[in-house]
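The structure appears right after this line, and notes come after that.
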């Protein structure tokens, strides 16, 4: 038995990665592949790495083309998914790779996105406490942002175990340029980004902050405040997140290690590395894996957690397919057994 | 049924890529993983991207550890494979990723490597005319070099079809740095290679020249002479080969295109791109695919063929496993269905 | 005494590099800085590396703004420079960084650019035989293309010395992405170019071919035919050119070396490296230097010459200022004493 | 009049950058160029970008070769400089690019370096309050580390103005690979670092932490505690530091901006960017400039300061020469007027 899947936004980076993973997924067949301005093109022109799908033609992103599939992936600009989802049958699994349905607080949405809130869907990060259960049988799934994925994987175990102070989390993330999308902008030209780094969206205004705080607060059972700074690194893929939080009095290195180890001991995709080994984004490139390491800095009273993921994979398409597998009752790792591609 | 496979040289780049591909191969089980100075280490320390094998321990590269498997991959320094192969049973499939058994002409070997020739094994480039047949049932296979793989894929169709002059082939290749191996050398430091390019081994003395000439000459049915210049590009993986040859009088663009199209029309891994689309190494990164395009330059009377492969994959480990599949009677594409990882 | 200089196209890469070099040139003062769509902007916004000029405002590219300077640099799209130059006084030194005035053959221009030929100006590559003299006192200068600069530096000594066959030159160049300009295109995004290589404009149709042939033919005293293939490399700056030509019978390695050594023995910016050392583009990054090495490949009867330059510097802005110095009677190296910036 | 300068450690990255800058310094002449294992080599072999010094021969690093110059740069491994300095005349200006003489607290030195403290020399960061005065006429100068340079430039204005809480500074820095030096290590190979990021030396144990705390505490007039995490980015040069500190109650965005603007208003090399423009390491590449921007994150109560420098230039060689200029009574900007080299 095979589930039919439609993929919208197929000319972009998220859509391309969804297709790459679906192409080798044993339980699905790829139906409509849709795009907006690129409708009518051969996929091989736009995604030349997808050899087995090269001759497929992109069709227009419309309800007509998306309907009639068991699963519909939406990789669309902000604000576009709710309207389409409303016109798809309720028993179609709709997976939104965009931001529209991630936030629970309508006011946070409106503050950061300036439009009406589209509602909240089950959040596709199965490793968070209780989330795997919520995803079983779900027919609407919000794919987490890539920065929140790495940030939550980094810090949730400590908050869930009650070991961290909620009021002064500092997170600095470096992302590869695919995180900024595929639209042609001068500041994203290779000439501009190769050989240099720069921050962007600094100062609390970054749209991912409320999503990170939402996840940490849920784990902590109370409001967590985050200072989050994203930076752009000269690499195509990957996020390296450095997350730090004050440790509660009386908590030592062993208790911290134990909390993280316990949180991820059974997880197929999230790995606390052996002591002394630190994450490298290349170790997860092209894969749905996340690698973590932590250190207790007694001097400053902080735990420093480093987490590396592939922003397009575990941070977007891989996480989406992992959630799809859970929702459909497939093996959770189906289609996601890729190792990292290194070096 | 599953074939047991041992992999030597597992701490290097070629060995790592063999393991990465074998880990998701449906027809094999991974037995001994061996190394020289790194014996005793945890694989996850040396190849942190191989998550499913992270806890495997490397053992010493010895006949004792390698024997008893159906297949043995040798990814060893020049001169080391013949001795080991001689001590392995004749019905063990031994696949040599090194150079020792590629050349047919002992004098060419001695000139370029300065040691006695170890003999010639069936050459693992199934897309060459007649080679797929030679690989069926073979129990010794020489894996082609990565430069020769891209060069032969680029030009053999034209020579096999009798369309090219044999006496003035010029090939310039750009390779990612993994082609230079994993040993610590100052000139291969990231600080030295990022942001720049340089040639190396220029002037006919490059060890891959006789291997390229051997393959082209076989296709042409007569001696082909090649000027080959390799350059080092600031990327981890990938080879972009620009190969040009004089076209025989009376041959036009259509005849050239037809020859290449016919040569690769049934091939699962080698793709002549639609006209107007040129190869990009990222389109094949992490995959066993090769992409080609050609243009007839009437002005200079030359055909220019561009070929992109992943040097570690189709250029080494992927080609090796493709040949293994043929030799063992498995599906030729087994374990090699990866798309390229882009962007 | 100081010459006043106006720079047009100041928001682009060529214009930015001209400004960078002029800012530390002891004999000039920078007057109008002009742009088209960016007129009105602060320079520091568009060229954040030009600290000493950060607060200068860009004005519109018009004859009104450009007139009244001793020197005017034009870094404009094809076809735009002739009209402006015609309105500037004859004793203003006009330096065209674009292609309009490079070619001597109107038919070649029309074939490759599809418009009427604007005329031929003295060619700003002082190292070519006889060119330094033509630049003295010139008031119109055509800046060579970056590929022709590296190609001509590579091969002219051999043709000028009568050592090379004219009918089968093969050149393959790898260029950094700034060579493709600063306009926002998806295929030039960092995500697309980092970690990969691709050819472009293959097959004799590349616009730089007639310019390369023009220079080589002049040196050879007869028509030279070139097959030229440019490729795009994952680096911001730099061109590595691999140029090969058949060597005339009876010519050996020593005669070849002698010809190149003699040609460049007195040159301040072009360096034949000691035997055994090969060019690296990082060794010339940010500088007006060119480095070369050559090898005689007796096997194929070809000389292989490798030449590295910075495409924006010696290939554009540096070469332009070197020519300006000569035209104005300044020290030829004035403002160009930068070493390469490595690593 | 010209000061004679000797440079030790000339085959490394710091020594190479010192030479690059000195080669165009109007007030100095370069005397002995020394190395350890590379003594006897031609400089052009080891530093191929230093064209004007290519034919200079490296001599052994010994007091004999270093003595007799007005200035001696020491770019040596930890622990090597004190012994040499002791044998040089007291009126020789000795500039130590290593760590030996940076820390004031012998216990901090011993804890992090495990050897006896060599003493404290005037600290070569002229932009710190009061430091320019201490450098005038100095004959021993300790060059700051590159991470401390960027961290102190980022936060000292806020502490000096009494606007920041001392007890919870969090700094995350990304450095180019030259920061890790030129010794051949597998983890620094281009194949390993291109396309990925990783942290290192995490958890309070990093040797630069006490140096950062020393500078911040001096500015604050009391102990400042820092959590510092360095990461390695895929670029040759550059440091991007993200530094955050809690803001004292009652302090707003305007007061913060004013403090930083005032601190750097007269500085030739340190630039607070216009609001809305964020630092990019490429804007300072190859130059002695530092660029900063800050944002007040009212949500978390933190100021976030971003600072970009070139680790080899302002972070090492440029800062050293700036301090030399002050010590010798030269123009402070002499030999340091380079713009950034971008893109």
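The values are calculated or read from the model by the stated rules, or taken from the named source; none is laboratory data. Treat the numbers as computed from the prediction; the structure is a model and nothing was measured. Cβ coordinates were reconstructed from backbone atoms using ideal geometry, including for glycine residues, and neighbour counts include every protein chain displayed.
List the number of the failed condition for residue C:297; all other conditions in (1) closer than 28 Å to residue D:177 by Cα; (2) touching a strand residue (DSSP E or B) at 6+ places or on another chain (Cβ under 7 Å); (3) modelled with pLDDT under 95 hold.
Unmet condition: (1).
Select from the range D:284-314 the residues that are over 17 Å from residue D:264 (Cβ atoms) and in contact with a helix residue (DSSP H, G or I) (Cβ under 7 Å, 6 or more places away or on another chain) and write down the one among them that is nearest to the other protein chains (Cβ to nearest Cβ).
D:286
Going residue by residue through the range D:207-226, is there one that turns out to be facing chain A (nearest Cβ under 10 Å) and closer than 26 Å to residue A:282 by Cα? Working first, answer last.
Of all residues in the range D:207-226, those facing chain A (nearest Cβ under 10 Å) come to D:209-210, D:213, D:225-226.
Pick out the ones that are also closer than 26 Å to residue A:282 by Cα and you get none.
Checking the range D:207-226: not a single residue is facing chain A (nearest Cβ under 10 Å) and closer than 26 Å to residue A:282 by Cα.
Quick one: in the range A:13-25, which of the residues that are in a loop (DSSP other than H, G, I, E, B) and facing chain B (nearest Cβ under 10 Å) is farthest from residue A:92 (Cα to Cα)? First the steps, then the outcome.
Keep residues of the range A:13-25 that are in a loop (DSSP other than H, G, I, E, B), which gives A:23-25.
Those left that are additionally facing chain B (nearest Cβ under 10 Å): A:23-24.
Numbers: A:23: 20, A:24: 22 Å.
Among residues in the range A:13-25 that are in a loop (DSSP other than H, G, I, E, B) and facing chain B (nearest Cβ under 10 Å), the one farthest from residue A:92 (Cα to Cα) is A:24.
On the phi > 0 side of the Ramachandran plot and either in contact (Cβ under 8 Å) with a residue 12 or more places away in the chain or surrounded by fewer than 17 Cβ atoms within 10 Å (Cβ to Cβ) (or both) - does that describe any residue in the range A:41-52?
Among the residues of the range A:41-52, not one is on the phi > 0 side of the Ramachandran plot and either in contact (Cβ under 8 Å) with a residue 12 or more places away in the chain or surrounded by fewer than 17 Cβ atoms within 10 Å (Cβ to Cβ) (or both), which makes the answer no.
Can you pull out the residues in the range D:118-149 that are touching a residue at least 12 places away in the same chain (Cβ under 8 Å), over 12 Å from the mean Cα position of the chain (by Cα) and in a helix (DSSP H, G or I)?
Within the range D:118-149, D:132, D:134, D:135 qualify.
Here are some conditions: (1) in contact (Cβ under 8 Å) with a residue 12 or more places away in the chain; (2) more than 24 Å from residue C:178 (Cβ to Cβ); (3) in contact with a strand residue (DSSP E or B) (Cβ under 7 Å, 6 or more places away or on another chain). Residue B:211 meets all but one. Which one does it not meet?
Evaluating residue B:211 over (1) in contact (Cβ under 8 Å) with a residue 12 or more places away in the chain; (2) more than 24 Å from residue C:178 (Cβ to Cβ); (3) in contact with a strand residue (DSSP E or B) (Cβ under 7 Å, 6 or more places away or on another chain) leaves (3) as the failure.
Which numbered condition trips up residue A:252, out of (1) on the phi > 0 side of the Ramachandran plot; (2) touching a residue at least 40 places away in the same chain (Cβ under 8 Å); (3) over 25 Å from the mean Cα position of the chain (by Cα)?
Among (1) on the phi > 0 side of the Ramachandran plot; (2) touching a residue at least 40 places away in the same chain (Cβ under 8 Å); (3) over 25 Å from the mean Cα position of the chain (by Cα), residue A:252 violates only (1).
In the range C:80-109, which residues are outside any helix (DSSP H, G or I) and under 26 Å from residue C:216 (Cβ atoms)? Lay out the reasoning, then the answer.
If we filter the range C:80-109 for residues that are outside any helix (DSSP H, G or I), which is where we start, we get C:80, C:88-105.
Within the range C:80-109, C:95, C:96, C:97, C:98, C:99, C:100, C:101, C:102, C:103, C:104, C:105 meet the criteria.
Answer with yes or no whether residue A:33 is farther than 30 Å from residue A:215 by Cβ and surrounded by 18 or more Cβ atoms within 10 Å (Cβ to Cβ).
On the way: farther than 30 Å from residue A:215 by Cβ: yes; surrounded by 18 or more Cβ atoms within 10 Å (Cβ to Cβ): yes.
Here the answer is yes, as residue A:33 does meet what is asked.
Would you check which residues across the range B:315-342 are touching a helix residue (DSSP H, G or I) at 6+ places or on another chain (Cβ under 7 Å), assigned to a helix (DSSP H, G or I) and surrounded by fewer than 24 Cβ atoms within 10 Å (Cβ to Cβ) and list them?
Taking the range B:315-342 first, the residues touching a helix residue (DSSP H, G or I) at 6+ places or on another chain (Cβ under 7 Å) are B:315-321, B:323, B:326-327, B:331-332, B:334-336, B:339-340, B:342.
Right, trim to assigned to a helix (DSSP H, G or I) and you get B:315-321, B:323, B:326-327.
Selection gives B:326, B:327.
Could you identify the single residue in C:195, C:201 that is within 7 Å of chain B (Cβ to nearest Cβ) and assigned to a loop (DSSP other than H, G, I, E, B)? Explain how you work it out, then say what you get.
On the way: C:201 fails: within 7 Å of chain B (Cβ to nearest Cβ).
It is C:195.
Look at the range C:26-44 and say how many of its residues are touching a helix residue (DSSP H, G or I) at 6+ places or on another chain (Cβ under 8 Å) and part of a loop (DSSP other than H, G, I, E, B).
Qualifying residue count, the range C:26-44: 2.
Only residues that are away from chain B (no Cβ under 14 Å), in contact with a strand residue (DSSP E or B) (Cβ under 6 Å, 6 or more places away or on another chain) and part of a helix (DSSP H, G or I): list them for the range D:150-191, please.
D:150, D:151, D:153, D:154, D:155, D:158
Checking residue D:206 against (1) in contact with a strand residue (DSSP E or B) (Cβ under 6 Å, 6 or more places away or on another chain); (2) part of a helix (DSSP H, G or I), only one condition comes out false. Which one?
(2)
Output the residues belonging to the range B:260-283 that are surrounded by 21 or more Cβ atoms within 10 Å (Cβ to Cβ), assigned to a helix (DSSP H, G or I) and either more than 9 Å from chain C (Cβ to nearest Cβ) or without any contact (Cβ under 8 Å) to a residue 12 or more places away in the chain (or both).
B:260, B:263, listed by residue number.
The conditions are (1) facing chain A (nearest Cβ under 7 Å); (2) in contact (Cβ under 8 Å) with a residue 40 or more places away in the chain; (3) out of contact with any helix residue (DSSP H, G or I) (no Cβ under 9 Å at 6 or more places or on another chain), and residue D:246 fails exactly one of them. Which is it?
(1)
Looking only at the range D:45-65, filter to residues that are in a helix (DSSP H, G or I), within 13 Å of chain C (Cβ to nearest Cβ) and out of contact with any strand residue (DSSP E or B) (no Cβ under 9 Å at 6 or more places or on another chain); which one of those is nearest to residue C:336 (Cα to Cα)? Talk me through it step by step, then tell me what you get.
Going through the range D:45-65, the residues in a helix (DSSP H, G or I) turn out to be D:45-46, D:51-53, D:63-65.
If we keep only those that are within 13 Å of chain C (Cβ to nearest Cβ) as well, we get D:45-46, D:51-53.
Going one step further and asking which of them are out of contact with any strand residue (DSSP E or B) (no Cβ under 9 Å at 6 or more places or on another chain), we end up with D:45, D:52.
Numbers: D:45: 22, D:52: 12 Å.
So, considering only residues that are in a helix (DSSP H, G or I), within 13 Å of chain C (Cβ to nearest Cβ) and out of contact with any strand residue (DSSP E or B) (no Cβ under 9 Å at 6 or more places or on another chain), the one nearest to residue C:336 (Cα to Cα) is D:52.
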